[in-house]
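Trainee: Here it is, the structure, as structure tokens.
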Amino acid sequence: MNYQDPELRQALAAEYVLGTLQGRARKRFERLAEQDARLRQIISNWEQKLGSLSEGIAPVDVPEHIWSSLQKRLGFTTTKQSETGVIGSIWNSLMLWRSLTTVVTIALMFAAYLNLFAPKLVVNQYIAVLQTEQQQASWLIKSDLQNKRMIVHIVNEQTIPIGKAFELWMIKEGDKPISLGLISPNQPQNLPLSDELLAKIKQASVMAVSIEPAGGSPTGQPTGPVPYTGKVTQL
């Protein structure tokens with residue numbers, strides 16, 4: 001595997017930040033990052049991009065049974081002695097409760113995000129970072145072959161003219177593009193894959209997004225500009 005390939009580095013960094021790069025692959029990537037300042041910067045960029053997922057989410061009250069479980073795990077009790085002691089004073093501190101609420105809320109939110117949109121790394125996973133000509137990452141596309149779908153992560157929200165749509169294509173060198181469906185400029189998605197598409201995704205070398213009429217390409221092939229492209233990488 002060529003770790004100097006720019007698109008592979010972007011894809012691995014994104015997987016690392018999402019938490020779906022695991023096991024030996026994750027440890028190997030961490031060792032590589034320790035010796036590569038530019039790679040650490042790429043990781044930092046992805047942390048900033050994906051960290052924005054938590055912005056704008058209002059805090060919520062955590063259910064009572066979760067707090068009870070936390071108390072038991074931390075060794076706190078509800079006896080009169082603990083309530084009047086040092087531990088009781090700390091546990092009843094409003095600041096601590098607010099801090100724990102924030103931490104637990106963020107943890108639950110991120111866990112829910114990973115469960116919905118970021119399945120664990122599996123053998124023969126295919127990923128692509130779609131970029132503009134100016135090398136600005138816009139989408140992270142990854143396969144979930146077990147569940148027969150492509151997962152579309154938003155890296156940077158895009159705008160599109162009224163009456164137009166973004167359509168995702170996979171391309172095998174020497175063959176015509178194959179449509180994977182319409183994708184949103186600002187919402188993550190799961191695109192279903194037929195058995196036929198599952199077989200072809202393993203042979204794709206490039207993914208691209210074209211601008212089409214609202215309902216998609218009327219010809220089955222890209223008809224408008226293709227402003228976003230990315231090389232398909234197998235992990």
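The values are calculated or read from the model by the stated rules, or taken from the named source; none is laboratory data. This structure is a prediction, so every number in the text was calculated from the model and none was measured. Please note: Cβ atoms are built from the backbone with ideal geometry, for glycine as well, and neighbour counts cover all protein chains shown.
Trainee: Here are Pro218, Pro225: which of them is closer than 21 Å to Ser138 by Cα and either part of a loop (DSSP other than H, G, I, E, B) or hydrophobic (A, V, I, L, M, F, W, C) (or both)?
Mentor: Residue meeting the stated conditions: Pro225.
Trainee: Oh, and also: Quick check, is Ser205 within 19 Å of Thr233 (Cα to Cα), hydroxyl-bearing (Ser, Thr, Tyr) and either touching a Ser or Thr at 6+ places or on another chain (Cβ under 8 Å) or not assigned by TED's automatic domain parsing to the domain that holds Ile151 (or both)?
Mentor: In short, no.
Trainee: To continue, here is another question. Restricting segment 135-155 to residues that are part of a loop (DSSP other than H, G, I, E, B) and not β-branched (Val, Ile, Thr), which is surrounded by the most Cβ atoms within 10 Å (Cβ to Cβ)?
Mentor: Result: Leu145.
Trainee: Return yes or no: is Gly181 touching a strand residue (DSSP E or B) at 6+ places or on another chain (Cβ under 6 Å), within 14 Å of Trp139 (Cα to Cα) and of a type in the set (Gly, Ala, Ser)?
Mentor: Here the answer is no, as Gly181 does not meet what is asked.
Trainee: Same structure, new question: Report every pair of residues separated by at least 6 positions or lying on different chains whose Cβ atoms are under 6 Å apart, first residue within segment 194-218 and at negative phi, second part of a loop (DSSP other than H, G, I, E, B) and loosely packed, with under 13 Cβ neighbours inside 10 Å.
Mentor: What qualifies is Ser205/Glu173; Ile211/Pro225; Ala214/Gly163.
Trainee: With the requirement that a residue be surrounded by fewer than 15 Cβ atoms within 10 Å (Cβ to Cβ) and under 22 Å from the mean Cα position of the chain (by Cα), what does segment 182-209 give you?
Mentor: Asn186, Gln187, Asn190, Pro192, Leu198, Lys202, Ser205
Trainee: For segment 19-30, indicate whether the set of residues that are of a type in the set (S, T, N, Q), buried (at least 16 other Cβ atoms within 10 Å of the Cβ) and part of a helix (DSSP H, G or I) is non-empty.
Mentor: no
Trainee: Right, here's the next one. Exactly one of these conditions fails for Ser217: (1) within 23 Å of Gln48 (Cα to Cα); (2) surrounded by 13 or more Cβ atoms within 10 Å (Cβ to Cβ); (3) in contact with a strand residue (DSSP E or B) (Cβ under 7 Å, 6 or more places away or on another chain). Give me its number.
Mentor: (1)
The rows are residues; the columns are (1) in contact with a strand residue (DSSP E or B) (Cβ under 7 Å, 6 or more places away or on another chain); (2) among the acidic types (Asp, Glu).
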position	(1), (2)
Ala128	yes, no
Gln134	no, no
Gln158	yes, no
Pro161	no, no
Leu168	yes, no
Glu173	no, yes
Glu196	no, yes
Gln203	no, no
Pro222	yes, no
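Trainee: Exactly one of these conditions fails for Glu212: (1) over 19 Å from the mean Cα position of the chain (by Cα); (2) assigned to a loop (DSSP other than H, G, I, E, B). Give me its number.
Mentor: Every condition holds for Glu212 apart from (2).
Trainee: Going by the conditions given, is Asn190 outside any loop (DSSP other than H, G, I, E, B), among the polar types (S, T, N, Q) and at negative phi?
Mentor: Spelling it out, Asn190 is indeed outside any loop (DSSP other than H, G, I, E, B), among the polar types (S, T, N, Q) and at negative phi.
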